[in-house]
Amino acid sequence: MAPLPHVVDVTTATFETEVLQKSLQVPVLVDFWATWCGPCKTLGPILEKLAGEYGGAFVLAKVDVDQERQIAAAFQIRSVPTVFLLIGGQPVDAFQGALPEGQLRQFLQHHGIEPLGEAPAEAEAVPPDPQAEVARLRQAVAAEPDKDELKLELALALLRTGEVAEAERLLDGLPANLAADDRAVRARARLGFAALLKDAPAPAALEQALAADPGDLRARHLLAVHHLVGGDAAAGLEHLLELLRRNRDWEDGLPRKALIDAFRIVEDEDLVGQYRRKMASLLF
């Protein structure tokens, strides 16, 4: 099999040359993966495709965590896939999970990584009115009740309008292939945040608790979730970042997990990129 352009398999012996030294010349994406990892089989080919398409604007360095345990330990890899971006010999950003191609392109663009040569321009879609979109998709599902893709789209639209219970029922009824779809995974993350607020104190009470004790991690976590669900993404991410800063190991690593889940549901890619970098600077 011919080697893929701008893709290299990295070992402990070659890491210094292929990653650290190379990142002084060109950005390097380090893809930590494993042969048994299902999401890795989704993400890997997309990253390889982009590495070829971008024509050397970045190098993709692949690390098999089962074979290269020393590298994985150095980067504190706890789940795969995990991807680090190194520039100038230093990690500047990271993400976990199999992001879709569009988000990967936005991740690269956010760091100034563009294809070398002309890339096809993508027209920006104007987001539809949420309520109108729900009505349209209800009609579509009624017309084609066996089309599960439409049910997923309706569930996503319902989440945007706050109709959580119906959205959850639709997600529960999806077949396995769609339940593993990136959109469904993000929807589950949003539902997970909403479930945390059941019987939770009101935001005002949580603000008061934090004013009395800034180290009240549970109050800070719940207040962050209130902000995220209520649409104030910046405030929610800031509280989660502070949670990570105060105790990254709290509740078995909840601060990091909560930030990663939040990145999946926040639609402002610039804001997500900003907080990804902040999270990386705290962790590494």
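Residues that are in contact with a Leu (Cβ under 6 Å, 6 or more places away or on another chain), over 30 Å from G102 (Cβ atoms) and surrounded by 15 or more Cβ atoms within 10 Å (Cβ to Cβ) do occur in segment 188-202. With respect to A57, is the statement that it is buried (at least 17 other Cβ atoms within 10 Å of the Cβ), small (G, A, S) and over 30 Å from D249 (Cβ atoms) true? So A57 fits the description; yes.
Counting only strands (runs of 3 or more DSSP E) that fall entirely inside segment 56-101 and contain at least 1 residues that are at pLDDT 95 or above and more than 20 Å from G273 (Cβ to Cβ), the qualifying elements are 59-64. Of all the criteria given as (1) touching a helix residue (DSSP H, G or I) at 6+ places or on another chain (Cβ under 6 Å); (2) of a type outside the set (S, T, N, Q); (3) at pLDDT below 95, the one not satisfied by D31 is (3). Tallying residues that are among the acidic types (D, E) and more than 21 Å from the chain's Cα centre (by Cα) within segment 37-63 yields 1. Every test in (1) over 24 Å from the mean Cα position of the chain (by Cα); (2) modelled with pLDDT of 90 or more; (3) assigned to a helix (DSSP H, G or I) is passed by K151 save one, and that test is (1). Within segment 208-233, the set of residues being free of Cβ contacts under 8 Å to residues at least 24 places away in the same chain, over 20 Å from the mean Cα position of the chain (by Cα) and in a loop (DSSP other than H, G, I, E, B) comprises D213, P214, D216.
Scanning segment 237-266 for residues that are surrounded by fewer than 18 Cβ atoms within 10 Å (Cβ to Cβ) and in contact with a Pro (Cβ under 9 Å, 6 or more places away or on another chain) yields E242, R245, R246, N247, R248, D249.
Regarding segment 208-227, can at least one residue be identified that is of a type in the set (K, R) and in contact with a helix residue (DSSP H, G or I) (Cβ under 8 Å, 6 or more places away or on another chain)? Yes, the conditions are met somewhere in segment 208-227. Against the numbered list (1) surrounded by fewer than 17 Cβ atoms within 10 Å (Cβ to Cβ); (2) more than 18 Å from G273 (Cα to Cα); (3) touching a residue at least 60 places away in the same chain (Cβ under 8 Å), S23 comes up short only at (1).
The values are calculated or read from the model by the stated rules, or taken from the named source; none is laboratory data. Quick caveat: nothing in here was measured; it's all calculated off a predicted structure. With ideal geometry, Cβ positions are generated from the backbone for all residues, glycine too; neighbour counts draw on all protein chains shown.
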